[in-house]
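Structure, as structure tokens:
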Amino acid sequence: TRHSSPPRKQIISAHDPISGRKATIARRSGSLTLMSLALSHIIAGAPAGAGTLAGLNPSDTDDVVAFAPSGGSDDMKSAISAAEAAFGSWSRSGLVERHDILRRAAAEMMERRVELGALLSREEGKIVAEGVGEVLRAAQP
């Protein structure tokens, strides 16, 4: 009989350049499905996509970062149509309204910078500090 080892706890540490403190994120490996994100395509407010793709951590191919639906040509056409339909209302919205929406998105990214940086680290196989740096650059005004 083969015994599997229990999930191990992995500690990911990163220096938070904003607060100056060390931030720590713990995750358990071994039960990869529990640690993986389940993503979905949302097109015009509805789930889309058939089949599933697994996104692996390139520095640890036993680590499934996320499961995402694979989209086909019909999904692509639906997404293009939805984007074209949404463009009209977005382009008619005022500068202040667009600014506020983007500022809220940037604030959310800044608040979750270490969490998102750790996720980028897993997704791209880079060190956490580089992932946090990407989040900081993306959230800049």
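The values are calculated or read from the model by the stated rules, or taken from the named source; none is laboratory data. None of these values were measured; they are calculated from a predicted model. Glycine also receives a Cβ, built like all others from the backbone with ideal geometry; neighbour counts cover every protein chain displayed. Quick note on the areas: whole protein, heavy atoms, side chains included, nothing else; ligands and nucleic acids left out. Shrake-Rupley method; radii C 1.70, N 1.55, O 1.52, S 1.80 Å.
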Does segment 84-98 include one or more residues that are of a type in the set (Ser, Thr, Tyr), over 24 Å from GLU111 (Cβ atoms), in a loop (DSSP other than H, G, I, E, B) and at pLDDT below 90?
no
Identity of the residue in segment 63-82, acidic (Asp, Glu) and within 14 Å of ALA50 (Cα to Cα), that ends up most open to solvent (accessible area, probe 1.4 Å):
ASP74
Could you grab the pairs with beta carbons closer than 9 Å, sequence gap of 6+ or different chains, first residue in segment 89-108 and closer than 12 Å to ALA138 by Cα, second one modelled with pLDDT under 95 and loosely packed, with under 11 Cβ neighbours inside 10 Å?
LEU102/PRO141; ARG103/PRO141; ALA106/GLN140; ALA106/PRO141
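Taking ARG92 as the residue in question, decide whether it is in contact with a Pro (Cβ under 9 Å, 6 or more places away or on another chain), surrounded by fewer than 15 Cβ atoms within 10 Å (Cβ to Cβ) and more than 28 Å from SER36 (Cα to Cα).
Values: in contact with a Pro (Cβ under 9 Å, 6 or more places away or on another chain): no; surrounded by fewer than 15 Cβ atoms within 10 Å (Cβ to Cβ): yes; more than 28 Å from SER36 (Cα to Cα): yes.
For ARG92, the condition - in contact with a Pro (Cβ under 9 Å, 6 or more places away or on another chain), surrounded by fewer than 15 Cβ atoms within 10 Å (Cβ to Cβ) and more than 28 Å from SER36 (Cα to Cα) - is not met.
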Please work out which one of (1) out of contact with any Lys or Arg (no Cβ under 8 Å at 6 or more places or on another chain); (2) farther than 21 Å from GLY125 by Cβ; (3) at pLDDT below 85 is the condition SER78 fails and give its number.
(3)
Please go through segment 99-137 and give me each residue that is under 22 Å from ALA68 (Cβ atoms), open to solvent by 70 Å² or more (accessible area, probe 1.4 Å) and in a helix (DSSP H, G or I), ordered by number.
GLU108, GLU115, GLU123, GLU124
Within segment 50-62, tally of residues that are open to solvent by 70 Å² or more (accessible area, probe 1.4 Å) and either of a type in the set (S, T, N, Q) or over 21 Å from the mean Cα position of the chain (by Cα) (or both):
3
Residue by residue through segment 72-117, note down the ones that are touching a His at 6+ places or on another chain (Cβ under 9 Å) and among the aliphatic types (A, V, I, L, M).
ALA79
